[in-house]
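Scroll down for the structure; my scribbles are underneath it.
The values are calculated or read from the model by the stated rules, or taken from the named source; none is laboratory data. Just so we're clear, the structure is a prediction, and the values are computed from it rather than from any experiment. As a convention, Cβ positions derive from the backbone with ideal geometry for all residues, glycine included, and neighbour counts pool all protein chains shown. Please note that ligands, DNA and RNA were not included when accessible areas were found on the heavy atoms of the full protein model with its side chains. Shrake-Rupley method; radii C 1.70, N 1.55, O 1.52, S 1.80 Å.
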Amino acid sequence: MTRQEYMQQKRSEAWRDELRKSVKAKERGERPRVHMPELDPEIRSHELKMEVNQGLTEEQAVFEAGRCLDCANPTCVTGCPVEINIPTFIKNIERGNYLEAARTLKETSALPAVCGRVCPQEKQCESKCIYIQKMGKEPVAIGYLERFAADYERLSGQISVPEIPNRNGIKIAVVGSGPAGLSFAGDMVKRGYDITVFEALHEIGGVLKYGIPEFRLPNDIVDVEIDVLRKLGVKFEKNCIVGKTISYEDLHTAGFKGIFVGSGAGLPNFMGIPGENLIGIMSSNEYLTRVNLMDASNPESDTPVQLGKKVAVVGGGNTAMDAVRTARRLGAERAVIVYRRSEEEMPARVEEVKHAKEEGVDFLTLHNPLRYEGDEQGHVSRMLLQKMELGEPDASGRRKPVPIEGATEWMDVDEVIVSVGVSPNPLIPSAFSGLEVTKWGTIVINESTMKTDLPDVYAGGDIVRGGATVILAMGDGRRAAASMDEALRGKE
Amino acid sequence: MNKIVEKEHFSANVIKLVVEAPLIARSRKAGHFVIVKVGEKGERVPLTIAEADVEKGTITLVIQTVGVSTNKLCALEVGDSITDLVGPLGRATHIENFGTVVCAGGGVGVAPMLPIIEAMKKAGNRVVSVLAARSKDLIILEEQVRKHSDEVIIMTDDGSYGQKGLVTDGVEAVINREKVDLCVTIGPAIMMKFVSLLTKKYNVPTMASLNTIMVDGTGMCGACRITVDGKVRFVCVDGPEFDAHKVDFDEMLLRQRAYK
Ligand SMILES: Cc1cc2nc3c(=O)[nH]c(=O)nc-3n(C[C@H](O)[C@H](O)[C@H](O)COP(=O)(O)OP(=O)(O)OC[C@H]3O[C@@H](n4cnc5c(N)ncnc54)[C@H](O)[C@@H]3O)c2cc1C
Ligand SMILES: Cc1cc2nc3c(=O)[nH]c(=O)nc-3n(C[C@H](O)[C@H](O)[C@H](O)COP(=O)(O)OP(=O)(O)OC[C@H]3O[C@@H](n4cnc5c(N)ncnc54)[C@H](O)[C@@H]3O)c2cc1C
Ligand code: SF4
Ligand code: SF4
Ligand code: FES
């Protein structure tokens, strides 16, 4: 059965027919989209760990689920990189069967509570919803509903841990415990394999733990998912760097029959402008790692972090938004985004930009840093900014920012967080000889099988795509699991 | 969790710990370091692997207590475990037969120097080690260094042991006396800066092992960055050793004070 046929079959179940007919489509279409209850901006701009989005109430969720028309040809699904069976899970919410909704999500997504929070839904599933495509209305709040179902399952304490019928004992290694590695591990353990995940850091979760702050994605949520994997039998080896602590050959000697590399794009880019090494200037990775992974702002933690009063964050992506909102929460009187294009071109999620503004973050768009100056102690004190204007569209289709000649200005700062992108982690490519890499340092794979040039090595997530998204990384993990399983079974 | 199997006090604030870490013991080379973290809320601090015993599956760390984390680590006793320990990190030292190598170590810098001295000797070099400290009781690992060196020169600031003078005086004496093919220096940044200035004057190629502030030690944060030959490099993955004549030591000295 193809995926489409399967979705059709689900759709034609009797209860679905009945539910569809129970409310007129016109009436559904007239309902306004729900608003996510949010923590008051005044409170949350001082609270590092309180989640901003509070989650839908049951009433809101059921009402919103009723907006979904249960389309015969659900275009929303085409916008989801893992093709979640969106109408099926939403209709289960509408009829009050939340656990079944969660189960539907888990058919294709390893971490629905995570994706419901951090997926750029407005660019993916929701952008393809018939409401926005054909009806000129706000799309069904698929992301909010996904989060509702996943949270309901978690809070109910009835998380389904699938039975694993036949363990085949074949050992598989996973490099990296970010979303790519976790989803691969989940899929493979369910197929009966003996999975060990190796993680370089002292915490499991990759960017979900050290990057994305708790006010957007609480650590507990990630931990619950990791716990499920543990219960399924996945082993986690922290503080173990593949390519350093153990080699490719060691993995073979230890009997691993397949390796999935999900080592991420963890290397921070700097701009290479004068003064960038002054004290108080750091990468967003350093800032967020100190605060999120090392809990540096907690007085009980030994790791220090600088608490700037006048903080500039350079960049316009999710990472920049996370850093600037964190700085605000840690007491910055002025926290400002410095971005060289205009707000329209910002890669950050619309919601993050909105939240940042509500929290008092300033936006200085069409400005680009030229250099920094510091005081006698070598601490940054001001930055020189070049004003920009938008010119012709560039290769990415976005209008290219060009400097306005002679238009520069100084801005006083005591902390600068540089968030201008990341590069792939070179460790695995340099430790596994025979892997082909692109000029950007990403690992080359066959896109349908996720297989690298080495016969037993598969890869996915940011190490293959450069900086991408959680759901794409997860999708890669899933695809790699399916094709590695096929390859291994073919050998039997 | 890595268990401590041996502990020895070299001086009031320099302590040797032998720690169980079989995988690291096997894969490490001279010049590599580890990152350790003590306690759930501990900091990640880099420490050089001074020695390793593949058979026993242990590595040796020599730690100078300077602040919170090094004190916490040195308060651990035999039988206790280090919460997190990861490695080996960094690039291994480039070892070959250069001819005559002068190894100039200051204070606790002698610990990371030891495996390099040993490897240089094994590669056939004539090794002259210059150990320097403020006073006699701060000279560490002398016996181990002697075992692998052709000659050992001791320098103390106060003249309480060996010759009175700075590490640079000892190095200069050797350079004036014989042909030196390579100098390796490890110690406080300020000491490495002056060794580097000296050897530059004499055109002796010099390698310095840098101890910048680090967080992850895997290239992920950039806290350890530094300017070498006008380019930004990450000490944890591009180093820790660099051509000393190209390192911007003044910048490094400032950056080390970031959290003072
Ligand atoms: C601050 C921030 C905010 C973001 N916000 C969003 C968002 O809102 N929505 C969204 O969809 N995406 C977001 N992203 C992007 C998203 O997090 C990434 O695309 C995703 O995490 C990539 O997953 P991954 O599994 O490929 O790698 P990662 O999550 O980077 O995980 C890789 C893991 O591998 C480990 N590792 C690396 N090398 C080795 C080795 N040799 N041995 C052992 N372990 C190793 C690393 O320590 C790391 O834990 C954000 C990213 C950042 C940094
Ligand atoms: C690659 C590498 C290898 C190292 N090997 C060793 C080793 O084998 N033995 C050893 O004792 N130390 C070594 N160090 C230095 C050690 O990491 C620091 O002394 C330690 O991080 C200080 O932590 P703390 O919390 O105790 O002190 P903190 O409270 O952080 O600082 C106390 C004082 O030490 C200074 N300081 C902080 N970090 C460093 C640093 N990285 N280097 C020099 N001074 C610093 C601070 O400016 C401050 O004055 C190494 C450093 C690097 C980067
Ligand atoms: S996983 Fe992301 S893209 Fe897919 S349905 Fe959920 S929110 Fe939409
Ligand atoms: S396109 Fe929109 S209305 Fe149609 S099934 Fe998908 S979410 Fe529901
Ligand atoms: S310590 Fe983080 S990049 Fe070197």
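Structure above, values below:
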read-out	value
Segment A:38-55 - phi-based ³J(HN,Hα) in whole Hz, Karplus 6.51/-1.76/1.60, Gly and Pro as x	10, 5, 3, x, 5, 5, 6, 6, 10, 10, 5, 10, 7, 5, 6, 7, 8, x
Chain A, accessible area per residue, ligands and nucleic acids excluded (1.4 Å, Å²)	41 Å²
Burial order of peptide ranges B:3-16, B:217-230 (average beta-carbon count within 10 Å, highest first)	B:217-230, B:3-16
Segment A:183-198 - phi-based ³J(HN,Hα) in whole Hz, Karplus 6.51/-1.76/1.60, Gly and Pro as x	6, 4, 4, x, 5, 6, 5, 5, 7, x, 7, 9, 9, 10, 9, 9
Reachable lysines from residue A:123, criterion Cα separation under 20 angstrom, eight or more residues apart if same chain	A:134, A:137, A:354
Chain A shape via C-alpha gyration tensor axes, a/c threshold 1.5	oblate
Three semi-axes of the equivalent ellipsoid, segment A:31-161, Cα gyration tensor, whole Å, largest first	22, 19, 14
Check: chain B dipole with +1 on Lys, Arg Cβ and -1 on Asp, Glu Cβ, in debye	400 debye
Protein accessible area in segment A:76-187, 1.4 Å probe - carbon and sulfur %	50 percent
Under-5 Å amide H pairs with residue B:183, H placed in peptide plane, nonlocal only	B:102, B:206, B:207
Neighbourhood charge, 15 Å Cβ-Cβ cut-off, centred on residue A:129 and excluding it, Lys, Arg +1 and Asp, Glu -1	+2
Set of aspartates and glutamates with alpha-carbon distance to residue B:121 below 13 Å, sequence-local pairs under 8 removed	B:96, B:150, B:151
Of A:26/A:128; A:310/B:41; B:41/B:72; B:136/B:164; B:29/B:72; A:10/A:91, those spanning more than 18 Å from alpha-carbon to alpha-carbon	A:26/A:128; A:310/B:41; B:29/B:72
Helical contribution to [θ] at 222 nm, DSSP H n ≥ 4, -39,500 (n - 2.57), averaged over the protein assembly as shown, rounded to 500	-9000 deg cm²/dmol
Shielding by other protein chains, B:235-241, mean Cβ within 10 Å	1
Whether segment A:250-393 is rounded, prolate or oblate, judged on the alpha carbon gyration tensor where a/c under 1.5 counts as rounded	prolate
C-alpha center-to-center spacing [segment A:189-236, segment A:255-324] in angstrom	20 Å
Residue-level accessible surface for residue A:170, protein heavy atoms, 1.4 Å, Å²	40 Å²
Long-range HN-HN contacts of residue A:197 with modeled amide H, under 5 Å	A:174, A:235, A:236, A:237
Residue B:146-residue B:92 FRET efficiency (beta carbon distance; Förster radius 25 Å; 0.05 resolution)	0.55
Out-of-range pairs (alpha-carbon distance over 24 Å; input B:201/B:246; B:16/B:147; A:244/B:193; B:56/B:122)	A:244/B:193
Size of the B/A contact, given as accessible area buried on both chains, probe 1.4 Å, in Å²	3100 Å²
Pairwise FRET efficiency - residue A:223 versus residue A:439, Cβ, R0 = 30 Å, nearest 0.05	0.20
³J(HN,Hα), Karplus 6.51/-1.76/1.60, whole Hz, each residue of segment A:142-158, x for Gly, Pro	4, x, 4, 5, 4, 4, 4, 5, 5, 5, 4, 4, 5, 6, 6, x, 10
Simple Cβ-charge dipole of segment A:206-285, Lys/Arg +1 and Asp/Glu -1, about Cα centre, in debye nearest 20	180 debye
Charge dipole magnitude, Cβ of K and R +1, D and E -1 - chain A, Cα centre, debye nearest 20	1480 debye
Amide hydrogen neighbours beyond the local backbone of residue B:155, cut-off 5 Å, H modeled	B:131, B:132, B:133, B:163
Net charge of Cβ neighbours under 10 Å - reference residue A:411; Lys, Arg +1; Asp, Glu -1	+1
Residue A:164-residue A:371 pseudo-label distance in nm [points 7 Å out on the Cα-to-Cβ vector]	5.9 nm
Whether segment A:149-281 is rounded, prolate or oblate, judged on the alpha carbon gyration tensor where a/c under 1.5 counts as rounded	oblate
Portion, in percent, of the accessible area of segment B:105-260 that falls on carbon or sulfur, probe 1.4 Å	51 percent
For residues of A:295-305, the mean tally of beta carbons on other chains within 10 Å	4
Total formal charge among the other residues, if their Cβ is under 11 angstrom from that of residue A:197, Lys/Arg +1 and Asp/Glu -1	+1
The protein assembly as shown: antiparallel DSSP beta bridges as a percent of all, rounded to 5	50 percent
Relative contact order of segment A:323-407, pairs being alpha-carbon contacts under 8 Å that are 6 or more residues apart, as %	25 percent
